[in-house]
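K.L.:
My questions will all concern the structure given below.
The values are calculated or read from the model by the stated rules, or taken from the named source; none is laboratory data. Treat the numbers as computed from the prediction; the structure is a model and nothing was measured. Ideal geometry is used to build each Cβ from the backbone, glycine not excepted, and the neighbour counts take in all protein chains shown.
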Amino acid sequence: MSVITGLFKGVGKGLDVFRKVMHFVLMFLTFFILLATLSSGPSISLEAGSALLLNPRGPLVDQLSGDPVQRSLDALTGRGEAQTLVRDVVRALDAAKTDNDISAVVLELSSMAGAGMTNLQLVGDAIDDFKTSGKKVFAYGDFYSQGQYLLAAHADEVYMHPSGAVFLDGFGRFRRYYKDAIEKLSIDWNVFKVGEFKSFVEPYFRNNMSPEDRASSLVWMNQLWTAFQDDVAAARGIEASAVSNYANNIAKSVVASKGDLAKPALDTGIVDDLIQRDEFQERVLKHVQKNSENNRFKRIDLVSYTALLESKVKVPSGEKVGIIVASGNIMDGDQPPGSIGGDSLARLIRKARNDESLKALVLYVNSGGGSKFASEIAQRELKLWKQTGRPLVAVMSVVAASGGYWLAMEADEIWASPNTITGSIGIGGFIPTFQRTMARAGVNVDGVGTTSMSGTFRVDRELSDDVKAIMQSSMENGYLQFISNVATARNMTVEEVDKIARGRVWSGKDAQDIGLVDRMGTLEDGLESAAQLAGIGDNFVPHYVERDMTFEERLTLMFSTKMAAWSGNVSARSNRVGLSEALRSWVLRDLGDDIEALTRFNDPAHLYLHCFCELD
């Protein structure tokens, strides 16, 4: 019997070895087939006399959200939310300026979902820089949202469909307030905060915006609106007041034009002409060659042109300056790109610190904040970087408020744009309990514990006075820690910081005036300054510090990207952002923000350095 058992065991082992060998062989066959497929696929070509079709999809962002492989698969299958990197748009315009095959740029912005003022101005400046080449920029739209129009205004010629409209509504900040609803549901929403301007917790204990939040918000929003008007006026050669008059009097203008939505834009000089799509083709064909296959102007879209530029990249020479992008809400633990995880951001900073080839580091921040604990975890790694003696420069993008400013304040220099939303140095938190709600349904909670703290954090029991005292004391300690750290980093007294803190939000320019920001400029300016601080002058190479992908992830990404290029899914799908999408965004965004605060914010101590600074 033992002989037979041994025989079967031997056969089993042999089959297992055979299975492993075949698995190995099949894996490598698949790998080589994929390599052959990828290498034999069609390459992107650019014909002479083409236009760069600048057609960003989704919002303009500093960092693409989510896992890169999943993003690529979503592009292949048509799922997921499209996004466009600001730096891809700027890079494409910069390359097209000296590209002999590019004769013009055509702005097709119907699929662009929006962007912060800072990023819109970055792209606008890049369009203006392209125009110095003498090549034309054309814009055409059926309808223009405010963000889309700000970019279109920089074109040499702005056209619109005769049945279209330009919708300029200025900047607003509206939120839902839940005090009455919370009371009707018998929920005890225990709110704690420090700073009369720290407004992100207000909707849970008020029915309206506080006077402090109303007054301070109007200051920086009016600054943004003035900047928008000035930008459009300079680009279009009209008076800034004309932009404001158009927005404020659009109803009267439409009535006067007997319901014609497009005529007021033409009369004001907002657009140059109202023409059909085929007529726009003819206008562009005066500057761009015709595609003989479809009689339309020759073009290469943004995605294809970006891929073409990537294929031509040569290994640059020079010392490296690292860039870490910190974009999104700050949360505890590991988080995907588009969000900031305390652990994942700390890991990137540590990776940069261990890379001795990096002579300086730039932290590019676009965040309204979030978890205090996660911010501290990442900040510790920034302090360890500084102990290496290498420069640290922070550059603020659209927003770097509350926890976003917490991350930036350790830098040797802090850069911002005039319209960056920053400050909000304060702290808040909340713990809802539902014992009264449950009692209404006839459910009661009772029990015993060995200490006075037993069961005190249960959501089905009333929050004890001890817990309330602990939370408020923690808030006050966190606030003191925040302003003390700012005082040390900015060479100010705690009293001086307290006067400009209290949760108040500032524009970048005002933040510079009160000492929270050092200089005005872009990411490029911050990189150049970091290189100067490191003593390497102009001979430097920007290097993005990102999570290393596994071999499987790289292979999947290569394959899915190639397949997407073959199928045309990346560039051919239409994702028009129309009025219905805008309305849906307005209706759901505030509620979504509040739900996110309840379900995704995960600070272990319920302490948040956060600013709801989003604009309508």
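K.L.:
Quick one: which residue in Gln281, Gln223 is more than 31 Å from the chain's Cα centre (by Cα) and either surrounded by fewer than 14 Cβ atoms within 10 Å (Cβ to Cβ) or not aromatic (Phe, Trp, Tyr) (or both)? Spell out how you get there, then give the answer.
P.N.:
On the way: Gln223 fails: more than 31 Å from the chain's Cα centre (by Cα).
None of the others qualify; the one that does is Gln281.
K.L.:
Tell me the residue from Thr437, Thr488 that is closer than 30 Å to Gly521 by Cα and in a helix (DSSP H, G or I), please. Walk me through it before giving the result.
P.N.:
Details: Thr437 fails: closer than 30 Å to Gly521 by Cα.
Of Thr437, Thr488, the one residue that is closer than 30 Å to Gly521 by Cα and in a helix (DSSP H, G or I) is Thr488.
K.L.:
Further question: Which members of segment 104-121 meet the condition of being part of a helix (DSSP H, G or I) and either at positive phi or buried (at least 23 other Cβ atoms within 10 Å of the Cβ) (or both)?
P.N.:
Across segment 104-121, the qualifying residues are Met117, Thr118, Asn119, Leu120.
K.L.:
What's the number of the only condition in (1) in contact (Cβ under 8 Å) with a residue 40 or more places away in the chain; (2) crowded, with 20+ Cβ neighbours inside 10 Å; (3) farther than 18 Å from Arg347 by Cα that Ile431 fails to meet?
P.N.:
Here Ile431 clears every test but (2).
K.L.:
Additional query: Report, by residue number, each residue of segment 198-220 that is of a type in the set (A, V, I, L, M, F, W, C), surrounded by fewer than 22 Cβ atoms within 10 Å (Cβ to Cβ) and more than 14 Å from Ile182 (Cβ to Cβ).
P.N.:
Answer for segment 198-220, where residues must be of a type in the set (A, V, I, L, M, F, W, C), surrounded by fewer than 22 Cβ atoms within 10 Å (Cβ to Cβ) and more than 14 Å from Ile182 (Cβ to Cβ): Met209, Ala215, Leu218, Val219.
K.L.:
Let me ask another. Considering only segment 319-326, I want to know if a residue exists there that is at pLDDT below 95 and in a strand (DSSP E or B).
P.N.:
yes
Table: residues versus (1) surrounded by 18 or more Cβ atoms within 10 Å (Cβ to Cβ); (2) at pLDDT 95 or above; (3) within 26 Å of Leu85 (Cα to Cα); (4) under 34 Å from the mean Cα position of the chain (by Cα).
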position	(1), (2), (3), (4)
Asp273	no, yes, no, yes
Arg277	no, yes, no, yes
Leu285	no, yes, no, no
Asn291	no, no, no, no
Arg296	no, no, no, no
Ser304	yes, no, yes, yes
Glu310	no, no, yes, yes
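K.L.:
Is it true that Asp180 is farther than 30 Å from Thr226 by Cα, out of contact with any Ser or Thr (no Cβ under 8 Å at 6 or more places or on another chain) and in contact (Cβ under 8 Å) with a residue 24 or more places away in the chain?
P.N.:
Here the answer is yes, as Asp180 does meet what is asked.
K.L.:
Does segment 210-219 include one or more residues that are hydrophobic (A, V, I, L, M, F, W, C) and either more than 24 Å from Val505 (Cβ to Cβ) or in contact with a Ser or Thr (Cβ under 7 Å, 6 or more places away or on another chain) (or both)?
P.N.:
No, that holds for no residue.
K.L.:
Continuing with the same structure: Test Ser424 against the criterion of being crowded, with 24+ Cβ neighbours inside 10 Å and either farther than 16 Å from Asn329 by Cα or acidic (Asp, Glu) (or both), and give yes or no.
P.N.:
Taking the combined requirement at face value, the residue does not satisfy it.
K.L.:
Related question: Quick check on segment 493-548: of everything there that is over 30 Å from Pro336 (Cα atoms) and among the basic types (Lys, Arg), which residue is farthest from the chain's Cα centre (by Cα)?
P.N.:
Only one residue fits best here, namely Lys499.
K.L.:
Moving on to the next point. From Val284, Val288, Val303, grab the single residue that is touching a residue at least 40 places away in the same chain (Cβ under 8 Å), β-branched (Val, Ile, Thr), within 26 Å of Gly141 (Cβ to Cβ) and touching a Gly at 6+ places or on another chain (Cβ under 9 Å).
P.N.:
Val288
K.L.:
Inspect segment 372-393 for any residue being among the aliphatic types (A, V, I, L, M), crowded, with 24+ Cβ neighbours inside 10 Å, within 19 Å of the chain's Cα centre (by Cα) and part of a strand (DSSP E or B) and give the result as yes or no.
P.N.:
no
K.L.:
Within the group Asp67, Asp62, Asp101, which residue is surrounded by fewer than 19 Cβ atoms within 10 Å (Cβ to Cβ), within 22 Å of Ile324 (Cα to Cα) and touching a residue at least 40 places away in the same chain (Cβ under 8 Å)?
P.N.:
Being surrounded by fewer than 19 Cβ atoms within 10 Å (Cβ to Cβ), within 22 Å of Ile324 (Cα to Cα) and touching a residue at least 40 places away in the same chain (Cβ under 8 Å) holds for just one of Asp67, Asp62, Asp101, which is Asp67.
K.L.:
Let me ask something else about it. If Leu523 meets every condition in (1) touching a residue at least 40 places away in the same chain (Cβ under 8 Å); (2) out of contact with any Leu (no Cβ under 9 Å at 6 or more places or on another chain); (3) more than 25 Å from Phe200 (Cα to Cα) apart from one, which number is that one?
P.N.:
Leu523 satisfies all of (1) touching a residue at least 40 places away in the same chain (Cβ under 8 Å); (2) out of contact with any Leu (no Cβ under 9 Å at 6 or more places or on another chain); (3) more than 25 Å from Phe200 (Cα to Cα) except (2).
K.L.:
Can you name the number of the only condition in (1) within 20 Å of Cys611 (Cβ to Cβ); (2) touching a residue at least 40 places away in the same chain (Cβ under 8 Å) that Val232 fails?
P.N.:
So Val232 meets the others, but not (1).
K.L.:
I would also like to ask the following. Among the residues of segment 398-421, is any assigned to a loop (DSSP other than H, G, I, E, B), within 38 Å of the chain's Cα centre (by Cα) and of a type in the set (D, E, K, R)?
P.N.:
yes
K.L.:
Now for a separate question. So which residues in segment 312-343 are buried (at least 20 other Cβ atoms within 10 Å of the Cβ), in contact (Cβ under 8 Å) with a residue 40 or more places away in the chain and of a type in the set (Gly, Ala, Ser), if there are any at all?
P.N.:
Correct list: Gly322, Ala326, Ser327, Gly328, Ser339.
K.L.:
If I filter segment 167-189 for residues that are at pLDDT below 95, assigned to a helix (DSSP H, G or I) and of a type in the set (A, V, I, L, M), do I get at least one hit?
P.N.:
Taking every residue of segment 167-189 in turn, at least one turns out to be at pLDDT below 95, assigned to a helix (DSSP H, G or I) and of a type in the set (A, V, I, L, M).
K.L.:
Filter segment 345-371 for residues that are surrounded by fewer than 20 Cβ atoms within 10 Å (Cβ to Cβ) and of a type in the set (S, T, N, Q) and give the result.
P.N.:
Asn354, Ser357
K.L.:
Now, a different point. All but one of (1) modelled with pLDDT under 95; (2) out of contact with any Cys (no Cβ under 6 Å at 6 or more places or on another chain) hold for Gly368; state the number of the condition that does not hold.
P.N.:
(2)
K.L.:
Looking at segment 499-528, which of its residues are more than 27 Å from Gly478 (Cα to Cα) and surrounded by fewer than 22 Cβ atoms within 10 Å (Cβ to Cβ)?
P.N.:
Answer for segment 499-528, where residues must be more than 27 Å from Gly478 (Cα to Cα) and surrounded by fewer than 22 Cβ atoms within 10 Å (Cβ to Cβ): Arg519, Met520, Gly521, Thr522, Glu524, Asp525, Glu528.
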